[in-house]
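Trainee: Okay, handing you the structure first.
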Amino acid sequence: MIDRILLGHNQFFGVNHLDAKVGDQKAAQFGQVQKIMDIINFCYDQDVKAMMMSTHERALLVAEEIQKSDRLRENLGIYLLVPYIAKYIKQANEKGIVNIVRDSLKETSFAGKLGMFMRGGMGLLTKDVKTMIKLLVDFEVAPFSKLNLKAIFLHDALTDLALGWDMPDVLELFADHVEKKYNAIPAFCTKNLPRLMRLFEKTHIKNPLIMASINKLGYQVNPSREEFEDALKKYELQLLAMSTLAAGYLKPKEAYEYLFSLPRVDSVVVGLSSTNHAVETFSEIRKHI
Amino acid sequence: MKLAIIGIGKMGMLHAGIMNALDDVELCAVSDSTNFLLNGVKSLKPELNTYDNYVKMLDKEQPDAVVIATPVFLHVPMAEECTKRNIPFFLEKPLSPASDQAVELIEMVESKDLVTMVGYMMRYVDTYMKAKAILESGVLGKVITVHSTIYVAQLFRKGKGWRYSKEQAGGGVVIGQATHLIDLLQWMLGPVERVTGHTINWYSEEVEDFAHVHFEFKNGAMGWMDSSWSIRHHRLMQINIEIHAEKGNLFVCDDYAKLYLDEPADGFNAGWTNWYNPDLFHGVEIDVGGPQYSRQGIAFIDAVKNGKPVASDLRNAFEVQKIVDAIYKSAENHGQPTDV
């Protein structure tokens, strides 16, 4: 069962879709991990017991804190988004893609490496791209694997790349691995929901969990709000809605009235950087679910 | 329309993903000199033809258009091979390590009237398009001065690979990243006449990590640019441009365009008028890595198919390159003013 309200993570790690400078300020505001934990605990007390989590390096500190708390470790549902793509883009500029893969694989666990050597070592491994993709997923998930992992999302940069290249196999590979190895819900973040649903028709993945931006303004909704709405009517999927307030352009009442008028909206991600309006926001959402 | 990709690193993968998704475009082949990347493609998309030699690919596949997304020093020879075969090409920015290496290519391309595009994609970002339109409307009057920065927190130790080799990349942060800003300034304010440049190599041995540049534009405006890939607290590459003009100011970055006018003009009120991305957004057919890349790819395909103009062709990239050359020359001479 997917949680209905999830706490978002962007504000904790400096992501802001309206103004990057505000993002940087928020990252500084949450410079101490305890400040993030205060928000997480506040939400938990408001019965919002689920959160999105990127694999940002600072998220590792949050994961450690969650692990120390009995109630959070057991009950807080973690919806992990892999990988933290901005890190890899910078690394690709710093050392190139080949070095990223080589260095990441070097850091995977000893047991993993042993398995790799038994299958023929690094040289052979890089020829077996499918195994390598699974290992890279493991590399990203490892620090979070002891938490209550409910779902693992493939980052939209990779989902949409697989979509553009028309590689349905990659989506299946990810989904099968997440299900088998982590017993979590395989899920996909995308900026192109209608087109992605057409690609899923070429796979064995049914009724997928999708995270995508949707709001009354149509901000960050491709190719258009109308086509997105049509896709919700046409395809079987579970939608985790993000950017529902259009980066703060919409008031919660108006935003959620629109959102929950749509079919298949199962859950919503809410970004909170203070507790001020949280109670109102949650009660506004709960009117509809 | 058959599309082939030369170089399937980060940018080649991105362009291939976008253009392959467009109507009537079929990704037919890719080439790369790195076996590891070719193996990846072979294993995930077996129907695609792969080559470790791009010349062989061009001859055998005879594509209708090519994307070149390789290290900078390979751009010109690869573009020349496409030009010889009359194949329209999209080239990643920057054009070449230095402008003199591209002179023959430019002549060849222009004599054939071949469709080309160079990846200065900032011209397809909503906020910069809005800023360009405001400047063209004339409401600000004459531009007096421009202050601009381009920063990212990327490099805090010695980097690896071609990007940090003077010979292979042509330089460091100026040619590698600040060319986006130089292109925007040239696009918005017109040609640059003279520059003064100062650079610091801090983390890198051969190339600059920090640069400060002063511009004199042909229309009489002045301005400066500060650039670095080693500025902390910039999660993403961030450009900021402040334009100070006779009748007001214009502040523009990836997130917004803010206009300030002393007096009402042309339908704008006196005081501030702000446009944030949600005000300017319109959806794209496919978004992989940001709508600006999609619009750029769509424009290239449209140019090849229908002869529509592109925002940044080879000639434009050449003009950017000449400014870069002058900056490096000035920096070598302790900031001596240098003509472009």
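Trainee: So in region A:244-259, with the set limited to residues that are away from chain B (no Cβ under 14 Å) and closer than 14 Å to residue A:228 by Cα, which one is surrounded by the fewest Cβ atoms within 10 Å (Cβ to Cβ)?
Mentor: Per the criteria, the residue is A:258.
Trainee: crowded, with 19+ Cβ neighbours inside 10 Å, within 14 Å of another protein chain (Cβ to nearest Cβ) and in a helix (DSSP H, G or I): does that describe residue A:231?
Mentor: Yes: the conditions hold for residue A:231.
Trainee: How about region A:1-21: which of its residues are crowded, with 19+ Cβ neighbours inside 10 Å and not small (Gly, Ala, Ser)?
Mentor: The answer is A:3, A:5, A:6, A:7, A:9, A:10, A:11, A:12, A:13, A:15, A:16, A:17.
Trainee: Would you confirm, using the coordinates I've provided, whether residue A:29 is more than 30 Å from residue B:176 (Cα to Cα) and either among the polar types (S, T, N, Q) or surrounded by fewer than 19 Cβ atoms within 10 Å (Cβ to Cβ) (or both)?
Mentor: yes
This table checks each residue for (1) open to solvent by less than 20 Å² (accessible area, probe 1.4 Å); (2) assigned to a loop (DSSP other than H, G, I, E, B); (3) more than 29 Å from residue B:208 (Cα to Cα); (4) not β-branched (Val, Ile, Thr).
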{"residue": "B:252", "(1), (2), (3), (4)": "yes, no, no, no"}
{"residue": "B:288", "(1), (2), (3), (4)": "yes, yes, yes, no"}
{"residue": "B:293", "(1), (2), (3), (4)": "no, no, no, yes"}
{"residue": "B:298", "(1), (2), (3), (4)": "no, no, yes, no"}
{"residue": "B:322", "(1), (2), (3), (4)": "no, no, no, yes"}
{"residue": "B:329", "(1), (2), (3), (4)": "no, no, no, yes"}
{"residue": "B:336", "(1), (2), (3), (4)": "no, yes, no, yes"}
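Residue-wise test of (1) in contact (Cβ under 8 Å) with a residue 12 or more places away in the chain; (2) among the hydrophobic types (A, V, I, L, M, F, W, C).
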site	(1), (2)
A:14	yes, no
A:20	no, yes
A:56	yes, no
A:59	yes, yes
A:63	yes, yes
A:67	yes, no
A:71	yes, no
A:74	yes, no
A:80	yes, yes
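Trainee: Of all residues in region B:78-114, which are small (Gly, Ala, Ser) and in contact (Cβ under 8 Å) with a residue 40 or more places away in the chain?
Mentor: Those that are small (Gly, Ala, Ser) and in contact (Cβ under 8 Å) with a residue 40 or more places away in the chain: B:79, B:96, B:98, B:99, B:102.
Trainee: Let me ask something else. Can residue B:181 be described as touching a strand residue (DSSP E or B) at 6+ places or on another chain (Cβ under 8 Å), open to solvent by less than 50 Å² (accessible area, probe 1.4 Å) and assigned to a loop (DSSP other than H, G, I, E, B)?
Mentor: Against the criterion (touching a strand residue (DSSP E or B) at 6+ places or on another chain (Cβ under 8 Å), open to solvent by less than 50 Å² (accessible area, probe 1.4 Å) and assigned to a loop (DSSP other than H, G, I, E, B)), residue B:181 does not qualify.
Trainee: Which one of A:78, A:36 is β-branched (Val, Ile, Thr), surrounded by 20 or more Cβ atoms within 10 Å (Cβ to Cβ) and modelled with pLDDT of 95 or more?
Mentor: A:78
Trainee: I'd like the residue in region B:220-250 that is among the basic types (Lys, Arg) and out of contact with any helix residue (DSSP H, G or I) (no Cβ under 7 Å at 6 or more places or on another chain) and, out of all such residues, is least open to solvent (accessible area, probe 1.4 Å).
Mentor: Among those that are among the basic types (Lys, Arg) and out of contact with any helix residue (DSSP H, G or I) (no Cβ under 7 Å at 6 or more places or on another chain), it is B:247.
Trainee: Further question: For region B:42-69, how many residues meet the condition of being more than 18 Å from residue B:17 (Cβ to Cβ) and assigned to a loop (DSSP other than H, G, I, E, B)?
Mentor: Residues flagged as more than 18 Å from residue B:17 (Cβ to Cβ) and assigned to a loop (DSSP other than H, G, I, E, B) within region B:42-69 amount to 4.
Trainee: Give the residues of region A:39-57 that are surrounded by fewer than 19 Cβ atoms within 10 Å (Cβ to Cβ) and in a loop (DSSP other than H, G, I, E, B), sorted by residue number.
Mentor: A:46, A:47
Trainee: Which ones in region B:61-70 are open to solvent by less than 30 Å² (accessible area, probe 1.4 Å) and in contact with a helix residue (DSSP H, G or I) (Cβ under 7 Å, 6 or more places away or on another chain)?
Mentor: Once the filter is applied, which keeps residues that are open to solvent by less than 30 Å² (accessible area, probe 1.4 Å) and in contact with a helix residue (DSSP H, G or I) (Cβ under 7 Å, 6 or more places away or on another chain), region B:61-70 yields B:65, B:66, B:67, B:68, B:69, B:70.
Trainee: Counting only residues that are in a helix (DSSP H, G or I) and of a type in the set (Phe, Trp, Tyr), which one in region B:139-174 is modelled with the lowest pLDDT?
Mentor: B:162
Trainee: Of B:41, B:25, which residue is more than 10 Å from chain A (Cβ to nearest Cβ) and aliphatic (A, V, I, L, M)?
Mentor: Criteria check complete, one pass: B:25.
Trainee: Right, next: It is to be established whether one or more residues within region B:124-133 are open to solvent by less than 60 Å² (accessible area, probe 1.4 Å), of a type in the set (A, V, I, L, M) and farther than 17 Å from residue B:190 by Cβ.
Mentor: For region B:124-133, residues open to solvent by less than 60 Å² (accessible area, probe 1.4 Å), of a type in the set (A, V, I, L, M) and farther than 17 Å from residue B:190 by Cβ: present.
Trainee: Quick one: in region A:20-43, of everything that is under 20 Å from residue A:77 (Cβ atoms) and in contact with a strand residue (DSSP E or B) (Cβ under 9 Å, 6 or more places away or on another chain), which residue is farthest from the other protein chains (Cβ to nearest Cβ)?
Mentor: For region A:20-43, the residue satisfying everything is A:43.
Trainee: With the requirement that a residue be of a type in the set (Phe, Trp, Tyr) and open to solvent by less than 50 Å² (accessible area, probe 1.4 Å), what does region B:254-267 give you?
Mentor: Listed by number, the list holds a single entry, B:256.
Trainee: Out of all the residues in region A:192-210, which are over 23 Å from residue A:150 (Cβ atoms) and crowded, with 18+ Cβ neighbours inside 10 Å?
Mentor: A:192, A:194, A:195, A:199
Trainee: If we scan region A:147-166, do we find a residue that is in a helix (DSSP H, G or I), away from chain B (no Cβ under 14 Å), more than 14 Å from the chain's Cα centre (by Cα) and over 30 Å from residue B:294 (Cα atoms)?
Mentor: Checked region A:147-166: no residue is in a helix (DSSP H, G or I), away from chain B (no Cβ under 14 Å), more than 14 Å from the chain's Cα centre (by Cα) and over 30 Å from residue B:294 (Cα atoms).
Trainee: Evaluate region B:147-163: report whether one residue or more is away from chain A (no Cβ under 14 Å), crowded, with 20+ Cβ neighbours inside 10 Å and touching a helix residue (DSSP H, G or I) at 6+ places or on another chain (Cβ under 8 Å).
Mentor: yes
Trainee: Among (1) more than 13 Å from chain B (Cβ to nearest Cβ); (2) under 19 Å from the mean Cα position of the chain (by Cα); (3) among the β-branched types (Val, Ile, Thr), there is one condition residue A:89 misses while meeting the rest; what is its number?
Mentor: Status for residue A:89: all satisfied but (1).
Trainee: If you don't mind, there's one more thing I want to ask. Under 8 Å between Cβ atoms, which residue pairs at least 6 apart in sequence (or on different chains) link something in region A:220-238 that is on the phi > 0 side of the Ramachandran plot with a partner that is polar (S, T, N, Q)?
Mentor: The qualifying pairs are A:220/A:213; A:220/A:243.
Trainee: Continuing with this model, one more query. Out of region B:10-33, which residues are assigned to a loop (DSSP other than H, G, I, E, B) and either open to solvent by 40 Å² or more (accessible area, probe 1.4 Å) or on the phi > 0 side of the Ramachandran plot (or both)?
Mentor: Matches in region B:10-33: B:23, B:24, B:33.
Trainee: Next up: Suppose we keep only residues that are part of a loop (DSSP other than H, G, I, E, B) and away from every other protein chain (no Cβ under 13 Å) within region A:167-191. Which one would you say is most open to solvent (accessible area, probe 1.4 Å)?
Mentor: Filtering first and then ranking leaves A:183.
Yes/no matrix, rows are residues, columns are (1) farther than 25 Å from residue A:130 by Cβ; (2) at pLDDT below 95; (3) among the aromatic types (Phe, Trp, Tyr); (4) touching a helix residue (DSSP H, G or I) at 6+ places or on another chain (Cβ under 9 Å):
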{"position": "B:2", "(1), (2), (3), (4)": "yes, no, no, yes"}
{"position": "B:20", "(1), (2), (3), (4)": "no, no, no, yes"}
{"position": "B:28", "(1), (2), (3), (4)": "no, no, no, yes"}
{"position": "B:39", "(1), (2), (3), (4)": "no, yes, no, yes"}
{"position": "B:47", "(1), (2), (3), (4)": "no, yes, no, no"}
{"position": "B:59", "(1), (2), (3), (4)": "yes, no, no, no"}
{"position": "B:73", "(1), (2), (3), (4)": "yes, no, yes, yes"}
{"position": "B:80", "(1), (2), (3), (4)": "yes, no, no, yes"}
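The values are calculated or read from the model by the stated rules, or taken from the named source; none is laboratory data. As the structure is a computational prediction, the values presented were derived from the model and not from experiment. We place every Cβ from the backbone using ideal geometry, glycine too, and count neighbours over all the protein chains shown. The accessibility values were calculated without ligands, DNA or RNA, using every heavy atom of the protein model including side chains. Shrake-Rupley method; radii C 1.70, N 1.55, O 1.52, S 1.80 Å.
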